[in-house]
1. So, in region 21-55, exactly how many residues are under 14 Å from Lys73 (Cα atoms), open to solvent by less than 60 Å² (accessible area, probe 1.4 Å) and polar (S, T, N, Q)?
2. On the basis of being more than 23 Å from the chain's Cα centre (by Cα), β-branched (Val, Ile, Thr), modelled with pLDDT of 90 or more and surrounded by fewer than 16 Cβ atoms within 10 Å (Cβ to Cβ), does Val75 make the cut?
3. Out of the residues in region 128-154 meeting the condition of being in contact with an Asp or Glu (Cβ under 7 Å, 6 or more places away or on another chain) and not small (Gly, Ala, Ser), tell me which one is most open to solvent (accessible area, probe 1.4 Å).
4. Which of the following residues is modelled with pLDDT under 90, open to solvent by 60 Å² or more (accessible area, probe 1.4 Å) and more than 29 Å from Asn96 (Cα to Cα): Ser157, Ser165?
5. Go through region 151-206 and tell me which helices (runs of 4 or more DSSP H), entirely inside it, have 2 or more residues that are farther than 18 Å from Glu121 by Cβ and not β-branched (Val, Ile, Thr).
6. May I ask you to say which residue of Glu67, Glu119 is without any contact (Cβ under 8 Å) to a residue 24 or more places away in the chain and either of a type in the set (Asp, Glu) or open to solvent by less than 70 Å² (accessible area, probe 1.4 Å) (or both)?
7. In region 1-23, which residues are of a type outside the set (D, E, K, R) and within 15 Å of Met52 (Cα to Cα)?
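The values are calculated or read from the model by the stated rules, or taken from the named source; none is laboratory data. Computed from a predicted structure; not experimentally measured. Ideal geometry is used to build each Cβ from the backbone, glycine not excepted, and the neighbour counts take in all protein chains shown. In case anyone asks, the SASA skips ligands and DNA or RNA and just uses the protein heavy atoms, side chains included. Shrake-Rupley method; radii C 1.70, N 1.55, O 1.52, S 1.80 Å.
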Amino acid sequence: CTDIDADRFIDYTELDAASNRGIDDVQSLLEQAAYKPVQGRFKVFMIDEVHMLTGPAFNSMLKTLEEPPEYMKFVLATTDPQKVPVTVLSRCLQFNLRPMAPEIVLSRLGYVLQQESIEAEPQALRLIARAARGSMRDALSLTDQAIAFCGGDLTESAVNQMLGSIDQGKVVEIVSQLQQGNASELLKLIGELGEQGQDFTGALED
């Protein structure tokens, strides 16, 4: 894994189908299948966003997917499996990766910021972890944006402002007024959210 990350593992080849989606791209990849692995037990082809491949590109893969050499492994990654032809899906084992739990995202963000010597309020990181919806990549991207937005250390109020999130105290107040059936106070709170430019869908989720 370390060698792959450092681009030193010649038996692992990655193709980004979002920008290399044609039959020529796939055929030049498949030409490498004739050669046995040099470093590892297997030769691994990783095709990211595989649903972006053209019809002819998929067709050119079918024969190899049907009868791959014993040393050959394909990993087809996609966020939209419905767009992958049934002929391809039927030749694959499917693994659905679940979103990461917010606690795990939160823990990792804490570790990363500690390594970078950046201070962050716990509640600020919780907001980012929740906004990432189980994606560590999105969480790190949001954290980068928050660092720039805050000009350094991450505070709950600044991250709230950046994300357009509703203050949690406001959420409790809305639910409290709703429970009491106090329509006028409730409408006043909703009006305040509108004036602040808050996202009502996000407020409703909160």
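1. Total satisfying the criteria: 0.
2. It is false that Val75 is more than 23 Å from the chain's Cα centre (by Cα), β-branched (Val, Ile, Thr), modelled with pLDDT of 90 or more and surrounded by fewer than 16 Cβ atoms within 10 Å (Cβ to Cβ).
3. Initial filter on region 128-154 (in contact with an Asp or Glu (Cβ under 7 Å, 6 or more places away or on another chain)): 132, 153-154.
Imposing the further condition that a residue be not small (Gly, Ala, Ser) reduces the set to 153-154.
Details: Asp153: 85, Leu154: 3 Å².
By that ranking, first place goes to Asp153.
4. Values: Ser165 fails: open to solvent by 60 Å² or more (accessible area, probe 1.4 Å).
Answer to the selection: Ser157.
5. On the way: elements: 156-163, 168-180, 183-195, 200-205.
Those helices (runs of 4 or more DSSP H) span 168-180, 183-195, 200-205.
6. Details: Glu119 fails: without any contact (Cβ under 8 Å) to a residue 24 or more places away in the chain.
Step by step, each of Glu67, Glu119 is checked, and only Glu67 is without any contact (Cβ under 8 Å) to a residue 24 or more places away in the chain and either of a type in the set (Asp, Glu) or open to solvent by less than 70 Å² (accessible area, probe 1.4 Å) (or both).
7. Filtering region 1-23 for residues of a type outside the set (D, E, K, R) gives 1-2, 4, 6, 9-10, 12-13, 15, 17-20, 22-23.
Matches in region 1-23: Leu15, Ala17, Ala18, Ser19, Asn20, Gly22, Ile23.
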